[in-house]
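To start, the structure itself, in structure tokens.
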Amino acid sequence: MEKERNLASIEEKAFQLRIREDLTQNEFAKLLGVSTSYVSNWENGYNEIPIVLLNKICNLCNVGFDYMMGLSKKKSINIVKLDSIDKKYLGKRLKDIRKAEGLTQEKMAKKINTYRFLISDYETGRKTISTADLKQICETFGYSADWCVGKLEECVRYKPVRKMKAKDMKEMISN
């Protein structure tokens, strides 16, 4: 009997790609340069896949960040395989998005439900953005994650994902 899976979309897609490539957790882990238990932990919903490791998975399986994050149904597009994620380059793209949206760091942080200091750290390249925050920014403002990390030169835009807030749900239910 197959175990019920309740994973975030990125971790579920990574699991499906591993199966598609006909790799064991151990083989996948070796190719990614991590431990088998690390792969097991995200496949069992204990860990999020960090952006650096997500890049390795995308390179290995010939898929884009946009596919992994559910922004695009296309598995592979004309993307560049990056050896590593340049935090400063990514930070500049995030700042470009924030400026294009006319937001302060404080307002951007509020829109994606994080802290202003993290937006500042991401923009300056002091800290690598979390996978969850990058996904949230791309969904909220409709920008390609592949473009943000430098896998695409041209800026690709998607329809922003509007998430229901608790007060909106309550109002909808009461009507």
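No value in this document is a laboratory result; all are computed from the given coordinates. On a predicted model such as this, the values are computed, not experimentally measured, just so you know. Cβ placement follows ideal geometry from the backbone for every residue including glycine, while neighbour counts extend to all protein chains displayed.
Size of the range 9-68 from its Cα atoms: along the principal axes, largest to smallest, the extents are 26, 22, 18 Å. Annotation: average projected area of the chain is 12.2 square nanometres, based on the convex hull of Cα atoms across all directions. Summarising the amide proton neighbourhood of Tyr143: residues at separation of 5 or more, or on other chains, whose placed amide H is nearer than 5 Å comprise Tyr158. For the range 87-149, the alpha carbon positions stretch 24, 22, 20 Å along the principal axes, listed from largest to smallest.
Taking the highest mean first, how do the peptides 33-39, 132-138 order by number of other beta carbon atoms within 10 angstrom per residue? Walk me through the numbers before you get to the answer.
Working: 33-39: 15.1, 132-138: 21.7.
Descending packing order for the listed peptides: 132-138, 33-39.
Residues within the reach of a label modelled at Thr36 (point 7 angstrom out along Cα to beta-carbon, backbone nitrogen below 18 Å), restricted to the range 7-26, are 15, 18-19, 22-26.
Histogrammed with a bin width of 10 Å, the alpha carbon distances of the range 119-158 distribute as 31, 55, 14 percent, first bin at zero. Over the chain, dividing the summed -39,500 (n - 2.57) contributions of all DSSP H runs of at least 4 residues by the number of residues returns a 222 nm mean residue ellipticity of -15500 deg cm²/dmol.
Just to confirm my numbers, what's the Cα centroid distance between the range 82-107 and the range 12-67 in Å? So the separation of the two Cα centres works out to 25 Å.
The long axis of helix 87-100 is offset from the longest Cα principal axis of the chain by roughly 30 degrees.
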